[in-house]
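Report on the structure given below.
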Amino acid sequence: MSANTPSAPTVDIKDLEVFAENLDTKRAAEVYNEHGCLVVRGLMKRYVPDLQRDMEAAAQQAISLLDQVREVPEGWVTPDGTLFLPAPPHYPRDKQIMVLAVNYTNSGAFFRASFDDRALDLVEAILGPNIELFMNGQCLYKEPVGGHPKKLHQDSAYFEHRYDGPVGILSYVVDTNLQNGALHVVPGSHRLGQLRHVDTFSHLGLDEDEWPWESALPVVGEAGDSIFFHYRTIHGSQENHSERPRPVFINRYRRLDDYVVIGGTSAANRAEAEKRAKESPQVKKGDRGLMVRGFRPYEPL
Ligand SMILES: O=C(O)CCC(=O)C(=O)O
């Protein structure tokens, strides 16, 4: 650890936690604004059985397509769109699942979860009345017995926005703890601005000497618990050392006027994108997400 290593979080999980039953939306939004993260116990419980079924079907499908895999800079992609990383030596395969091809276009349960009323009441309290979906929904899947870590990072390293960026909601599909890869968050880190990221096993991540796991707070939770996080909030999760898969799904939302200004998946392509953005500042183009709240007035492109 370096002399500047951040200390362990002083915030306790109780400071971040509210319950979906009897949700006080205003207070929950205050917690999010203060800490850049918020845990809503039980918020997505009703979607879990269907999502678990869809994610398991997709995992089997992706594995059956491995003979048609294509190499990409981030790893390998099967024809259905599942991203694989190198597997540890003891795996029966040389590739392990990272991002599963389950999204709003192939899972009804995932799409329904994206416009859950209680979730959107909260997103509206954070972002205001007019809200669009950002991206198509994302499912991360840690295979059993050593499934990949996602190193600590800010999502803004991957998709920096002009304004406040997307609010992410990551939901557990199984009970998730320190053994199978609980999400870790660094409360308050949304105020640190954009931090320097380096290449890691799980793509862009923070330098582990500067941001060790001890600087983050693990969020142990049950299937259906949701973690809201600002796109600059540092977060990540360690390997799944249990005997069962550890899936999560992520819904992301943003204001209608917000848009990506710098994108990247590696230090090199992110640096290129930064250079391009400096040379010719980005403007909002046609990347409009589906509306989940409010109205989008006509605006010529
Ligand atoms: O699967 C996880 O726990 C981490 C997901 C994550 O950090 C991300 O997608 O940005």
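Points worth noting:
- Residues satisfying the stated conditions in the stretch 229-255, i.e. surrounded by fewer than 21 Cβ atoms within 10 Å (Cβ to Cβ) and closer than 27 Å to Arg296 by Cβ: Ile250
- Answer residue from the stretch 135-178, given it is within 13 Å of the ligand (Cβ to nearest atom) and small (Gly, Ala, Ser) and is surrounded by the most Cβ atoms within 10 Å (Cβ to Cβ) among those: Gly147
- The selection criterion, being within 20 Å of the chain's Cα centre (by Cα), among the acidic types (Asp, Glu) and outside any loop (DSSP other than H, G, I, E, B), holds for Glu34.
- Residues that are assigned to a strand (DSSP E or B), more than 14 Å from the ligand (Cβ to nearest atom), under 13 Å from the mean Cα position of the chain (by Cα) and under 24 Å from Arg270 (Cα atoms) are absent from the stretch 184-195 altogether.
- Test result for Val292, outside any loop (DSSP other than H, G, I, E, B) and hydrophobic (A, V, I, L, M, F, W, C): yes
- When the stretch 58-90 is filtered for residues that are in a helix (DSSP H, G or I) and exposed (fewer than 14 other Cβ atoms within 10 Å of the Cβ), the ones remaining, listed by number, are Gln60, Ser64, Asp67, Gln68.
- The selection criterion, being farther than 25 Å from Val102 by Cβ, away from the ligand (no atom under 14 Å from the Cβ) and either in contact with a Phe, Trp or Tyr (Cβ under 6 Å, 6 or more places away or on another chain) or part of a loop (DSSP other than H, G, I, E, B) (or both), does not hold for Glu243.
- Just one of the listed residues (Pro166, Pro212) is of a type outside the set (Lys, Arg) and touching an Asp or Glu at 6+ places or on another chain (Cβ under 9 Å), namely Pro166.
- Within the stretch 81-119, tally of residues that are touching a residue at least 60 places away in the same chain (Cβ under 8 Å) and touching a Cys at 6+ places or on another chain (Cβ under 8 Å): 3
- Residues (in contact with a helix residue (DSSP H, G or I) (Cβ under 8 Å, 6 or more places away or on another chain), within 12 Å of the ligand (Cβ to nearest atom) and hydrophobic (A, V, I, L, M, F, W, C)) located in the stretch 246-267: Phe249
- Being farther than 20 Å from Lys142 by Cβ, within 14 Å of the ligand (Cβ to nearest atom) and either touching a His at 6+ places or on another chain (Cβ under 7 Å) or assigned to a loop (DSSP other than H, G, I, E, B) (or both) is true of Arg232.
Every read-out reported here was derived from the displayed coordinates using simple, explicitly stated rules and does not represent laboratory data. From a predicted model like this one, the values you see are computed outputs, not experimental measurements. Cβ atoms come from the backbone with ideal geometry, glycine included; neighbour counts cover every protein chain shown.
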